[in-house]
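A.B. asks: Dropping a structure here in structure tokens format, bear with me for questions.
The values are calculated or read from the model by the stated rules, or taken from the named source; none is laboratory data. Because the structure is a prediction, the values reported are computed rather than measured. Every residue, glycine as well, gets a Cβ built from its backbone with ideal geometry; the counts of neighbours run over all protein chains shown. Calculation scope for accessible area: heavy atoms of the full protein, side chains included, ligands and nucleic acids excluded. Shrake-Rupley method; radii C 1.70, N 1.55, O 1.52, S 1.80 Å.
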Amino acid sequence: MSSVQQITVLGATGSIGLSTLDVIARHPERYRAFALTGFSRTEELYALCCKHKPSYAVLPDAASAQALERRLREQGLTTEVLHGEAGLCAVASHADVHAVMAAIVGAAGLPPTLAAVEAGKKILLANKEALVMSGALFMQAVKKSGSVLLPIDSEHNAIFQCLPVDYARGMAAVGVRRILLTASGGPFRQLPVDELENVSLAQACAHPNWSMGRKISIDSASMMNKGLELIEACWLFDVAPAQVEVVVHPQSVIHSLVDYVDGSVLAQLGNPDMRTPIANALAWPERIESGVAPLDLFTIARLDFQAPDEVRFPCLRLAREAAQAGGTAPAMLNAANEVAVGAFIEGHIRFTQIPAMIESVLQAEPVRAADSLDAVFSADRRARELAGHWLSRR
Ligand code: NDP
Ligand code: MG
């Protein structure tokens, strides 16, 4: 058998997907793009297929899948184009696949990511929403199948790198006092609070340090991203919400820290470029070149830290409360946030109405046990319905 590892990239047309393909292309002797999936950016998926020549591609519907396959045939490519959720799950769990990059944005990423987990694949997890929604079930499935779960989110990858090397093979992270989750504070860290109401979509998407997809950029501006990451950290590292402290660090050079009981604090540093965590997870426990420039500490010169402002950023408080409530609360929080961000993008609500909508959804529905996928998806649907009512009542 060839030693080249076959990689499925879920969400190949997105920001993480493209960075992943950049790292893969630097190491053709180690990795090959086995399957690439897209959703709305069909032209980009066509170009990626021409470049990477995957065995499979996936698009949302049969007509667009057939059209793409026809165009690829004209180029002499044999890529088979599947469609829909079944297509995503098929390429995520295919027998020839070594690792799956889970980089679809939002709840849509959960079914194929879980299919990859259940098939025992190595999971490179960028799609934090999947874990936030179904944390306990997701982690149980990882344990049951023996999947190796490696975090791509830069903070969680940093924490992972500061834990003992055997951690990913099931060793408990003993002696950890706190996890310090760093946050840039986003584009509105210093904006006068009364101006938040009138910020535009372009301002919300203009992250000071990272170039990312639109949804996560808006989540970073509201700090819901850090709230989702807090929940993500609790599941990945088996810690209570109270053990995770958010630290605003505007330079985004320290990607997170682990505080041990003996007083040692370990941090991971690097330029803000997602190719570092992607290369780290792809090659783990080895190290490979990622294309990221070396860190120049003399240019950076200083590192600043501040406490987060939960009055300015109510989403952080809402996420912490959902983490503490457990059950279906994080799935409801995530779904309400997806609807709120969509409504902000469409210009239906103001930036400051994002937390208002989420809070009203969370207050309207009791928290239930998240003991089955049905319970998780029904909480997701209910939250979207309540968010829809909130929108139509205004
Ligand atoms: P993008 O918006 O850039 O990409 C999202 C990808 O998901 C695209 O390939 C998109 O396809 C696809 N997609 C969107 N909706 C669906 C759907 N309903 N079904 C199937 N596929 C869909 O997002 P990012 O790459 O920025 O983020 C991806 C994930 O990684 C998110 O969960 C995010 O939180 C996480 N993450 C991202 C980071 C970053 O630096 N970008 C950092 C840490 C985490 P198409 O474009 O063709 O429509
Ligand atoms: Mg992050």
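A.B. asks: May I ask you to compute the full-extension gain from Ile345 to Lys51, defined as 0.36 nm times their residue separation minus their alpha-carbon distance, rounded to one decimal in nm?
C.D. replies: Details: separation 294, 0.36 × 294 = 105.84 nm, distance 3.17 nm.
Contour length minus Cα-Cα distance gives 102.7 nm.
A.B. asks: In addition: Show me, for the stretch 57-64, the HN-Hα J-couplings you get by feeding each phi into the Karplus relation (A = 6.51, B = -1.76, C = 1.60, θ = phi - 60°), rounded to Hz, glycine and proline as x.
C.D. replies: Taking θ as phi minus 60°, the curve returns 9, 9, 10, x, 10, 4, 5, 5 Hz for the stretch 57-64.
A.B. asks: Quickly rank 375-382, 212-219 as a protection proxy: mean count of other C-beta atoms within 10 Å, highest first. Display every interim value, and only then the final one.
C.D. replies: On the way: 375-382: 19.1, 212-219: 21.5.
So the peptides 375-382, 212-219, ranked by packing, come out 212-219, 375-382.
A.B. asks: Could you report the accessible area of Tyr167 in Å², rounded to 10, computed with a 1.4 Å probe on the protein chains as they sit in the structure?
C.D. replies: Here the accessible area works out near 40 Å².
A.B. asks: Determine the percent antiparallel among the DSSP beta bridges restricted to the chain, to the nearest 5.
C.D. replies: Working: 10 of 38 bridges.
Once the DSSP bridges in the chain are tallied, antiparallel ones form about 25 percent.
A.B. asks: Roughly to the nearest percent, how much of the accessible area of the chain is carbon and sulfur, given a 1.4 Å probe? Don't skip to the end; give the middle numbers.
C.D. replies: Values: 8840 of 16680 Å².
Reported share for carbon and sulfur atoms: 53 percent.
A.B. asks: Tell me the volume per residue, in Å³, of the convex hull enclosing the alpha carbons of the stretch 77-171.
C.D. replies: On the way: hull volume 10.7 nm³, N = 95.
For the stretch 77-171, the hull spanned by Cα atoms encloses 113 Å³ per residue.
A.B. asks: Run the simple label-point estimate for Leu373 and Lys143 please: 7 Å along Cα→C-beta, distance reported in nm.
C.D. replies: Taking the two extended label points, one gets 1.9 nm.
A.B. asks: For Lys53, go through the aspartates and glutamates and keep the ones whose alpha-carbon is under 16 Å away, minus same-chain ones fewer than eight residues off.
C.D. replies: Counting by Cα, and skipping residues close in sequence, Lys53 has these aspartates and glutamates nearby: Asp22, Glu29, Glu43, Glu44, Glu69, Glu74, Glu80, Asp96.
A.B. asks: Can you give the charge dipole size of the stretch 31-124 about its Cα centre, rounded to the nearest 20 debye, using +1 on the beta carbon of Lys and Arg and -1 on the beta carbon of Asp and Glu?
C.D. replies: Working: 9 positive and 9 negative charges, 62 e Å.
Once rounded to the nearest 20, the dipole reads 300 debye.
A.B. asks: In addition: Keeping all protein chains in place, calculate the accessible area per residue for the chain (probe 1.4 angstrom), answer in Å². Kindly include the intermediate steps, with their values, before the conclusion.
C.D. replies: On the way: 16680 Å² over 394 residues.
Result: 42 Å² per residue.
A.B. asks: What shape does the chain have by the C-alpha gyration tensor, where a ≥ b ≥ c are the square roots of the eigenvalues, rounded means a/c under 1.5, and otherwise prolate means a/b greater than b/c and oblate the rest? Intermediate values should be presented prior to the final figure.
C.D. replies: Working: a/c = 1.43, a/b = 1.19, b/c = 1.21.
Rounded is the answer for the chain, as its axis ratio a/c remains below 1.5.
A.B. asks: On the full set of protein chains, 1.4 Å probe, figure out the accessible area of Ser211 and give it in Å² to the nearest 10.
C.D. replies: Ser211 exposes around 100 Å² with every protein chain in place.
A.B. asks: Would you be so kind as to identify which of Ile354, Val253, Pro308 lies farthest towards the positive end of the dipole of the stretch 242-394, taking Lys and Arg as +1 and Asp and Glu as -1 on Cβ and the Cα centre as origin?
C.D. replies: Among Ile354, Val253, Pro308, the one farthest towards the positive end of the dipole of the stretch 242-394 is Ile354.
A.B. asks: Pull up the cross-link candidates among the lysines for Lys128, meaning alpha carbon to alpha carbon under 26 Å and not fewer than 8 places away within one chain.
C.D. replies: Partners within reach: Lys143, Lys144, Lys215, Lys226.
A.B. asks: When a/c is below 1.5 the answer is rounded, else prolate if a/b is larger than b/c, else oblate, so apply that to the stretch 184-296 with a ≥ b ≥ c taken from the square roots of the Cα gyration tensor eigenvalues.
C.D. replies: Working: a/c = 1.96, a/b = 1.34, b/c = 1.46.
The shape class here is oblate.
A.B. asks: Let me ask something additional. Just grab the label-to-label distance for Ala25 and Gln203, each label 7 Å out from Cα along the Cβ direction, in nm (one decimal).
C.D. replies: Going by the 7 Å Cα→Cβ label model, 3.6 nm.
A.B. asks: Ordered by residue, what ³J(HN,Hα) values in Hz, to whole numbers, does the stretch 174-186 give under the Karplus form 6.51 cos²θ - 1.76 cosθ + 1.60, where θ = phi - 60° and Gly and Pro are x?
C.D. replies: 7, x, 8, 8, 8, 10, 9, 8, 7, 9, 6, x, x
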